[in-house]
1. Mind checking which residues of segment 45-60 are hydrophobic (A, V, I, L, M, F, W, C) and open to solvent by 30 Å² or more (accessible area, probe 1.4 Å)?
2. What do you reckon, is Ala42 under 18 Å from Ala77 (Cα atoms) and either surrounded by 14 or more Cβ atoms within 10 Å (Cβ to Cβ) or of a type in the set (A, V, I, L, M) (or both)?
3. Could you give every pair whose Cβ atoms fall below 9 Å, whose first residue belongs to segment 57-68 and is farther than 22 Å from Val29 by Cα, and whose second residue is open to solvent by less than 60 Å² (accessible area, probe 1.4 Å) and hydrophobic (A, V, I, L, M, F, W, C), counting only separations of at least 6 or pairs across chains?
4. Just the residues that are over 15 Å from Leu73 (Cβ atoms), open to solvent by 70 Å² or more (accessible area, probe 1.4 Å) and either among the hydrophobic types (A, V, I, L, M, F, W, C) or in a strand (DSSP E or B) (or both), please, taken from segment 1-38.
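The values are calculated or read from the model by the stated rules, or taken from the named source; none is laboratory data. Keep in mind the model is a prediction, meaning the values are calculated, not measured. When we count neighbours, we look across all protein chains shown, and the Cβ atoms used for this are built from the backbone with ideal geometry, even at glycine. Areas reflect the complete protein model, heavy atoms only, side chains present, ligands, DNA and RNA absent. Shrake-Rupley method; radii C 1.70, N 1.55, O 1.52, S 1.80 Å.
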Amino acid sequence: MTAGDAITITVAPATTSDVVLSLFDSNNVALVNEQNSAAVGAPETITNFNISHPGIHSVQIKTVEGTETDYALIRTARESLQSTTTERARPKN
């Protein structure tokens, strides 16, 4: 990501899990910490977040329950780049 990019990240759980979404910069500093405003089972979204520093950014996805769940991850940056993946959230031990 480059400075000035706006990014939108959506995580849609495949089950009725309550997902929590966080965005970190390349120094592992939370830029958006524990986005959890949607209802249980509904997608969580960080919308049009402006990246202030270039570098590698990471997304943390977990569930409130601390359980595993399948989810789809949709990332959009600069409106011309879109990436979708399906993964499984796993609790940290």
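1. Phe49, Ile56, Val59
2. no
3. Thr67/Ala89; Glu68/Ala89
4. Answer for segment 1-38, where residues must be over 15 Å from Leu73 (Cβ atoms), open to solvent by 70 Å² or more (accessible area, probe 1.4 Å) and either among the hydrophobic types (A, V, I, L, M, F, W, C) or in a strand (DSSP E or B) (or both): Val29, Asn33, Glu34.
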